[in-house]
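The structure under discussion appears below in the form of structure tokens.
The values are calculated or read from the model by the stated rules, or taken from the named source; none is laboratory data. Remember, predicted model here, so these are calculated numbers, not experimental data. Because the Cβ atoms are built from the backbone with ideal geometry, glycine has one as well, and the counts that use them run over all protein chains shown. Side chains are part of the model used for accessible areas, which takes the heavy atoms of the whole protein and leaves out ligands, DNA and RNA. Shrake-Rupley method; radii C 1.70, N 1.55, O 1.52, S 1.80 Å.
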Amino acid sequence: MNSNISILVNMLLPIAVMYLFIAYISLRSKNEDGSLSFGILMIAAAICSAGYFFEVKSPDVETLFAWLRFQYLGGVLLPVLWIIFVIRYCGYDRWLKKSVVIMLWIIPVITLLLVNTNHIHYLYYSSLSLEHVNGLAIASIGKGIWYWFNSAYLIISFLFGSGLLLYTYIKSFEIYKKRFLLLFLGSLILWVTFIIYILGYSPMNLDITQLGFSITGLVYLYNLFHFKMFDFLSEARSNVFESIQDAILVLDLNGRIVDMNDIGKKYFEDKGNITGMHIDEIFDFFTLSKKQIMENGTQYSKIEYKMPDEERWIDIRFSVLKDKKERNQGKILIIRDITERKQSEEALQKSEEKYRSIFEHSPLGFFHFDYNGIITDCNENFIKIIGSTRKALIGFHTFELENTKIKMAIQTTLEGEMKTFEDIYHSTTATKKTPVRVLFTPLFSRERKVIGGVGIVEDITQRRINEEKLEYLSLHDKLTGLYNRVLFEEEMKRLQNSREYPITMMSCDVDGLKIINDTMGHDKGDTLLKNCAELLKKSMRECDILARIGGDEFASILPSTDQIIGETILKRIEENVAIYNRANQELPLSISLGIVTVLDKKKILSQALQEADESMYHQKLIQKQSSRSQIIYSLMAALGEKDYVTEGHSQRLANHLQKMGRQLSLSSNTLDNLNLLAQVHDLGKVGIPNDILLKKGPLNEEEWTTIRKHPEKGYRIAVASPDLIGVADLILKHHEKWDGTGYQLGIRGDDIPIECRILAIADSFDVMTSDRPYKKRKSKEEAIIELEKCSGTQFDPELVKLFLSILEEETSKNCHHLVCK
């Protein structure tokens, strides 16, 4: 038996070489299913075998301990490399997180440190001695506490790895079971010998674990070459993986992912390594039901799926994986990225939806026609525009239309060219006539052959109306609706060489328009112009050409009209003006007229119009005073209409002014001006809106600005009338103040005309003691106090004293009259 043990010991070096050979083969395969960790594991086993060979050949304790330390360089690697190899080989790479690997190395690193420093603490070997038996150096060791801890770690590692191999053996494909079984049995032999050794049952106290390495190594070598240990799933790879460029997942019968190709790893790089995961674990990722993948009995199925939270579509095709005996071994999933195709389909669908939306909801009409000119589709707006029905239009042959222009346009379109039609369209299926503009455009196939066309129809009714309006405005006066100067001059040119002679040219001018605009506002002036235009039009014949050729100027061409007929029309106009003024005394119309009759074309009509203007201006000079007086009278009447608010303000004011004037011994002319000033000092208010004059609340700044303009407006009215020109300056200055803070000119003291100073006192007293829309009247006593308060600032102080004495005298007379009565 001793000789047999010696033979086995001498085999340790060849066994180490065998392990190195296995390591070389494993590392050369460069696979990712545990070959790297297995190769390093075999190197560690080789270190252990070689180290133990030299250990039993040691001449002394020091040499023996040195080889023990050498063995532990490989020994501490064995449990960690074993666990990593088994996890990778069984397809559970996701377990190997960085934190887990670090934890696995903690105990081996501590063991290596304790072995090399054992002479200090004796935690690993409590004692170490040497005895030679049959030429072999047998180490007699005392097992320290860490020795047992490390042994327990080795056993746990063995149990975990062997258990995982056994589990994988049970769950794996039939064609791969022998590989897992041989790995399990080889490891079992090694760990059984280790347990026998640490329990002290090995012969001669030899470490028979190293002898177990020889059997395990042979088993691994057989597995490596016979069962192609690291050519995992070679059948699937050779038949599918290398021939298809799509992502491939291989599932076993239980739905576990046992392999995938490189493209598949890219698909799932966000999930990490999913090898070894059950398909249930990626259900949310695929959103595929288990029934679709695992329980589908068909040989081939296909699913299109949009990845969650990604703009990516995949095409998933899965088929049954069978062995040589046609037995089901699992499923193969082939995954293809169809994002680009889906995006193209979605873009096409969106394009079609967009076109359909435009087609259906566009304000334009759309209709399709095929190569034969038959209408195949149309939108509601097309039906509405031409006034037809869908039933009547679909299938209608456009070449049966009566309109030749439309048929020619459609024929040109079917020849590959765009064509436009614009005209009144009369529907053949309804009585409606519509101005339309139609753009015909051809439709082409991919081969650029015309397959039909599209008609884009615009209802241009409103455009035609707008064009007519623009044309009308270009030839007509916007305010009055009469012809404008442009058309009038064109008509003069046209009639110059006509047969319409004799032709009478009439010129007309509205008198006093500026006064109306300045006092009553441009709205009133515009109303007067429109009334004048209506009156002139009413007085003339339909054949006469009437135009507004300037601000207040009108002109007319009266074809086939001699001097007598012209005078008759002129007289008719004057009679109509008189009738109008009787009905519109608040806004009277005064016009000046002039006519010239041209007997033949030898005389230029534009020259005749100039002569009519001269005649009109001559008449204007003759009636200038009366026309302006009439306007002023109307304005005075309008002011009187407003005076109802003040309840006789003008009469009371005139009475006080006359009394003060006589007390001051003013001239009769000045007294006359005071009397007239009492009537017309507020003439400018005729143009102020009632909503300001009668406003009950306080005025804002803008409204005050309007009020302060009335002296100036009154002045402009007065200077235009010979009857009022004498008080025009007084009207302008009647709101000046003694201290110079008044308006319009800001003059002060004696520079203010005495008439205005007298008026300011009497007017203020009457305003304060009268009810107004914006305030209640004050008592006579309160008004006197206010006059005294403003004496020397607003009012001339001497005149205030005079006015108060007159009031006191009036009071005394009233009391005496009552007593006598």
Pairs only if they're at least six apart or on different chains, beta carbon under 8 angstrom, first in segment 653-672 and within 18 Å of Leu804 (Cα to Cα), second among the aromatic types (Phe, Trp, Tyr); list them, first residue then second.
His656/Phe765; His656/Phe803; Met660/Phe803
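Listed here are the residues, each with its yes/no results for (1) among the hydroxyl-bearing types (Ser, Thr, Tyr); (2) touching a Lys or Arg at 6+ places or on another chain (Cβ under 7 Å).
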position: Gly684; (1), (2): no, yes
position: His710; (1), (2): no, yes
position: Tyr715; (1), (2): yes, no
position: Ala728; (1), (2): no, no
position: Glu736; (1), (2): no, no
Output the residues belonging to segment 251-275 that are surrounded by fewer than 21 Cβ atoms within 10 Å (Cβ to Cβ) and small (Gly, Ala, Ser).
Gly255, Gly272
Could you check segment 412-467 and list, in sequence order, the residues that are more than 21 Å from His368 (Cβ to Cβ), open to solvent by 70 Å² or more (accessible area, probe 1.4 Å) and assigned to a loop (DSSP other than H, G, I, E, B)?
Thr431, Lys432
Take the residues in segment 554-571 that are of a type in the set (A, V, I, L, M) and in contact with a strand residue (DSSP E or B) (Cβ under 8 Å, 6 or more places away or on another chain), then tell me which one is surrounded by the fewest Cβ atoms within 10 Å (Cβ to Cβ).
Ile565
Any idea which of (1) in contact with a helix residue (DSSP H, G or I) (Cβ under 8 Å, 6 or more places away or on another chain); (2) more than 17 Å from Ala247 (Cβ to Cβ); (3) modelled with pLDDT under 70 is the one Gly276 doesn't satisfy?
(3)
Does at least one position in segment 85-92 carry a residue that is crowded, with 21+ Cβ neighbours inside 10 Å and at positive phi?
yes
Residues of segment 747-786 being open to solvent by less than 40 Å² (accessible area, probe 1.4 Å) and among the polar types (S, T, N, Q), which ones?
Ser764, Thr769, Ser770
Checking the conditions here, which among Gly74, Gly51, Gly34, Gly39 is within 60 Å of the chain's Cα centre (by Cα), open to solvent by less than 10 Å² (accessible area, probe 1.4 Å) and either more than 30 Å from Lys271 (Cα to Cα) or at pLDDT below 80 (or both)?
Gly34
Can you find a residue in segment 710-731 that is open to solvent by less than 20 Å² (accessible area, probe 1.4 Å), small (Gly, Ala, Ser) and under 21 Å from Met660 (Cβ atoms)?
no
